[in-house]
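**Q** Take a look at this one; I'll ask things after.
The values are calculated or read from the model by the stated rules, or taken from the named source; none is laboratory data. Please read all numbers here as calculations on a predicted model, not as lab measurements. Cβ coordinates were reconstructed from backbone atoms using ideal geometry, including for glycine residues, and neighbour counts include every protein chain displayed.
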Amino acid sequence: MIPGFGSLMQDVLWCFSQVKGTIDVGVTEADIISTVEFNHTGELLATGDKGGRVVIFQREQESKNQPHRRGEYNVYSTFQSHEPEFDYLKSLEIEEKINKIRWLPQQNAAYFLLSTNDKTVKLWKVSERDKRPEGYNLKDEDGRLRDPSMITMLRVPVLRPMDLMVEATPRRVFANAHTYHINSISVNSDYETYMSADDLRINLWNFEITNQSFNIVDIKPANMEELTEVITAAEFHPHHCNTFVYSSSKGTIRLCDMRTAALCDRHAKFFEEPEDPSNRSFFSEIISSISDVKFSHSGRYIMTRDYLTVKVWDLNMENRPIETYQVHDYLRSKLCSLYENDCIFDKFECVWNGSDSVIMTGSYNNFFRMFDRNTKRDVTLEASRENSKPRAILKPRKVCVGGKRRKDEISVDSLDFSKKILHTAWHPSENIIAVAATNNLYIFQDKVN
Amino acid sequence: MEFKLEAHRIVSISLGKIYSARGQRGGLKLHKNLLVSLVLRSARQVYLSEPGCPPEPPPAAAAARPPEEEPAPRTAAWAAEPPPPPPQDEAGRDCQGPRPRRCCCGEENRGGCAGAPPPPHCPRKRSAGERGQAGSPVKKPRREEEEPPPPPPSPPGEQEDMETSNVASLISIFGSSFSGLLSKEPKGRRRPPLDGGEAAAGTAPAEAAAETGQICCDEPVLRTLNPWSTAIVAF
């Protein structure tokens, strides 16, 4: 295992490892990946799609015979997590799209994850079965009941090996707690509670209790006509079980402490950067809306993603971020077109690497970007079938902003805005990344020497 | 000038988004609609705050027509691209909006239009008519979702600007259906009374935008949204 800690981005050469999904020209909407998440050890990788399905990949054990194949991810389990529902009272269809998946830390042989659509969170247990009992007294091998009067002797059933079967069962269903669309779930570091956030409210749940939850944040105004902002993302602090943050559509982040009050409407910290008046446009409000917020693994920083930038904030400094990275500033002059085609509403996510030294986020044209916080260098890479030869090194891409376009550059107007990378994930301790490009999942690893 | 043009285009696009958001699977997205309403408000403010500029036709329609001085172009372009309806907040403030003007005009009291305080019964009648319309299916999704984002405040002064700059241009297109027109309307043009039918057609697009909490109070402008009103009333 090659540790990812302390590695500088320029030392890393990213190689193609695998791609999952079909190559069909027409993409079925249900196959579009809507969330990607590694578990805490990186052994499992889960994806959710618009069709309500969850697919879990498991990393195979590294083999001494094939050191090149550093643990490929193969399908471990597939199940239908959510189905479309109809709310008869409101005459609304509830989409089955999986908005988020979050793993619980492993505490026994089984794996547990939370998956959510717009309205309902479910706790799934994924467990292996590789033995089955044989030799029942009261039923025969096919499971049919025997006539008790025909039984002449008793035996003790024994466990015999069977082909490995991975089964996923819904252990809890947390429903009917959200009027608005759930955008985030986050497991608390106490491993007993988790929160779910919708546009206006955040609820705290206990894993064992499904028929009630605590409302800990409520920003719904008494008069809905006074609504000015909504909650866009929320996350618990990785170590302090009383602390969480939530981001808003106005580009602000609030940190709350659950010890202060039952209802955390008053924030403990308020993070906001003053607006740059020179950048004001019709769309300033839209592009400042935060689409994702993530604590660093250390818990000292938070990272936020808005439409054009990624920002890193120090929890101890509320008045401005400590770092701002431009993801695709060349889009700033195209905001009107992006508004027209709805791209301006795309919600990009962002992720930290295991050592919090590099951050990654997606862009258009199947590009994704990495920023090294120490060296301040950045790279643009592409997830495409053309670069999909095994262990092929990814070549850095460049967008030409104006003037003469060099041979390998791509001009802004040639970017394919239908190919967007909204969801990415980084292995917790290694340089392995999973990048969701519409209906395909790309896995890249750093080069093995 | 360019800003006004762009503002107008943005308003049209925003209205289109609000309208098409209704049929979306999974219900109205509060976040997106809030953002769209904010853009609508910004664009409207820019549109109204540019003084003395005649309203430009939208780019799509402007193909062969150069920008004109007041009055703005009187072609079907305006019908195709609805002029921006200024948002309106609660019904209480409707009285300060164009309603007084409408009412005044309806009462053939052109002299008293500009900025005159509204006769009390007129706005109430209008508001009641609108609220009656509010029971229509157009309003229902709003209640179900508890969703309308806030309407931006509409200073009365801006309403006046909107009226004076748009009136002449709108007249020619909408002819007799353009009831409730204002003092600037040329003599001899028939102003139909404010009847229920007119109110219905006129307020339907208002309610459509009211989906987002913005009641488009500028009725004359709204009446011009012929394609919109047809589509939205049908909805």
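**Q** From the list A:I231, A:I219, pick out the single residue that is at pLDDT 95 or above, crowded, with 17+ Cβ neighbours inside 10 Å, within 12 Å of chain B (Cβ to nearest Cβ) and under 20 Å from A:T260 (Cα atoms).
**A** After ruling out the rest, the residue left standing is A:I219.
**Q** Assess whether A:Q106 counts as being more than 14 Å from every other protein chain (Cβ to nearest Cβ), surrounded by fewer than 16 Cβ atoms within 10 Å (Cβ to Cβ) and in contact (Cβ under 8 Å) with a residue 60 or more places away in the chain.
**A** Yes: the conditions hold for A:Q106.
**Q** Could we say that A:C343 is away from every other protein chain (no Cβ under 14 Å), within 25 Å of A:I410 (Cβ to Cβ) and crowded, with 17+ Cβ neighbours inside 10 Å here? Outline the logic, then answer.
**A** Working: away from every other protein chain (no Cβ under 14 Å): no; within 25 Å of A:I410 (Cβ to Cβ): yes; crowded, with 17+ Cβ neighbours inside 10 Å: yes.
Criteria not met by A:C343.
**Q** Among the residues of the range B:13-46, which ones are farther than 18 Å from A:M224 by Cα, of a type outside the set (K, R), out of contact with any Phe, Trp or Tyr (no Cβ under 8 Å at 6 or more places or on another chain) and surrounded by 23 or more Cβ atoms within 10 Å (Cβ to Cβ)?
**A** B:S14
**Q** Still on this model: Working carefully through the options A:F283, A:F174, find the one that is in contact with a strand residue (DSSP E or B) (Cβ under 6 Å, 6 or more places away or on another chain) and in contact (Cβ under 8 Å) with a residue 24 or more places away in the chain.
**A** A:F174
**Q** Kindly indicate whether A:Y180 is out of contact with any strand residue (DSSP E or B) (no Cβ under 8 Å at 6 or more places or on another chain) and under 24 Å from A:A262 (Cβ atoms). Walk me through how you get there before you give the answer.
**A** Numbers: out of contact with any strand residue (DSSP E or B) (no Cβ under 8 Å at 6 or more places or on another chain): no; under 24 Å from A:A262 (Cβ atoms): yes.
Criteria not met by A:Y180.
**Q** Of all residues in the range B:1-15, count the ones that are more than 9 Å from every other protein chain (Cβ to nearest Cβ) and under 16 Å from the mean Cα position of the chain (by Cα).
**A** Total satisfying the criteria: 4.
**Q** Scan the range A:109-119 for residues that are within 14 Å of chain B (Cβ to nearest Cβ) and without any contact (Cβ under 8 Å) to a residue 24 or more places away in the chain and jot them down.
**A** none
**Q** Out of the residues in the range A:68-88 that are among the aromatic types (F, W, Y) and within 14 Å of chain B (Cβ to nearest Cβ), which is surrounded by the fewest Cβ atoms within 10 Å (Cβ to Cβ)? Please lay out each step first, then the result.
**A** Filtering the range A:68-88 for residues among the aromatic types (F, W, Y) gives A:73, A:76, A:79, A:86, A:88.
From the residues that got through so far, the ones that are within 14 Å of chain B (Cβ to nearest Cβ) too are A:86, A:88.
Values: A:F86: 10, A:Y88: 7.
Only one residue tops the list, namely A:Y88.
**Q** On to the next question. With the requirement that a residue be part of a loop (DSSP other than H, G, I, E, B), under 16 Å from A:N316 (Cα atoms) and free of Cβ contacts under 8 Å to residues at least 60 places away in the same chain, what does the range A:224-267 give you?
**A** A:H240, A:T252, A:H267
**Q** For the range A:152-178, what are the residues that are among the hydroxyl-bearing types (S, T, Y) and under 30 Å from A:F86 (Cβ atoms)?
**A** Correct list: A:T169 only.
**Q** Report, by residue number, each residue of the range A:268-283 that is in contact with a helix residue (DSSP H, G or I) (Cβ under 8 Å, 6 or more places away or on another chain) and part of a helix (DSSP H, G or I).
**A** The one that is in contact with a helix residue (DSSP H, G or I) (Cβ under 8 Å, 6 or more places away or on another chain) and part of a helix (DSSP H, G or I): A:N279.
**Q** I need a count of the residues in the range A:206-223 that are under 16 Å from A:H267 (Cα atoms) and outside any loop (DSSP other than H, G, I, E, B).
**A** Here the count works out to 4.
**Q** Identify the single condition in (1) hydroxyl-bearing (S, T, Y); (2) surrounded by fewer than 16 Cβ atoms within 10 Å (Cβ to Cβ); (3) within 14 Å of another protein chain (Cβ to nearest Cβ); (4) touching a residue at least 12 places away in the same chain (Cβ under 8 Å) that A:S91 does not satisfy, given that it satisfies every other one.
**A** Evaluating A:S91 over (1) hydroxyl-bearing (S, T, Y); (2) surrounded by fewer than 16 Cβ atoms within 10 Å (Cβ to Cβ); (3) within 14 Å of another protein chain (Cβ to nearest Cβ); (4) touching a residue at least 12 places away in the same chain (Cβ under 8 Å) leaves (4) as the failure.
**Q** Ok, one more. Search the range B:27-43 for residues that are within 7 Å of another protein chain (Cβ to nearest Cβ) and part of a helix (DSSP H, G or I) and pair each with any residue that is surrounded by fewer than 23 Cβ atoms within 10 Å (Cβ to Cβ) and polar (S, T, N, Q) when their beta-carbon atoms are under 9 Å apart and the residues are at least 6 apart or on different chains.
**A** From residues that are within 7 Å of another protein chain (Cβ to nearest Cβ) and part of a helix (DSSP H, G or I), the pairs are B:L34/A:T228; B:L38/A:T228; B:S42/A:S281; B:S42/A:S284.
**Q** Consider A:S213 carefully, then state whether it is hydroxyl-bearing (S, T, Y) and crowded, with 23+ Cβ neighbours inside 10 Å.
**A** So A:S213 fails the test.
**Q** Also, I was wondering about something else. Can you tell me which of (1) surrounded by fewer than 18 Cβ atoms within 10 Å (Cβ to Cβ); (2) in contact (Cβ under 8 Å) with a residue 60 or more places away in the chain; (3) farther than 21 Å from A:K122 by Cα is the one A:H40 doesn't meet?
**A** (3)
**Q** Of all the residues that make up the range A:166-211, how many are away from chain B (no Cβ under 14 Å) and in contact with a helix residue (DSSP H, G or I) (Cβ under 9 Å, 6 or more places away or on another chain)?
**A** Of the residues in that region, 0 qualify.
**Q** Looking at this structure, is A:L113 surrounded by fewer than 15 Cβ atoms within 10 Å (Cβ to Cβ) and among the aliphatic types (A, V, I, L, M)? Spell out how you get there, then give the answer.
**A** Values: surrounded by fewer than 15 Cβ atoms within 10 Å (Cβ to Cβ): no; among the aliphatic types (A, V, I, L, M): yes.
For A:L113, the condition - surrounded by fewer than 15 Cβ atoms within 10 Å (Cβ to Cβ) and among the aliphatic types (A, V, I, L, M) - is not met.
**Q** Considering every residue within the range A:373-392, establish whether at least one is touching a helix residue (DSSP H, G or I) at 6+ places or on another chain (Cβ under 6 Å), of a type in the set (D, E, K, R), surrounded by 13 or more Cβ atoms within 10 Å (Cβ to Cβ) and modelled with pLDDT of 95 or more.
**A** No; the residues of the range A:373-392 include none that is touching a helix residue (DSSP H, G or I) at 6+ places or on another chain (Cβ under 6 Å), of a type in the set (D, E, K, R), surrounded by 13 or more Cβ atoms within 10 Å (Cβ to Cβ) and modelled with pLDDT of 95 or more.
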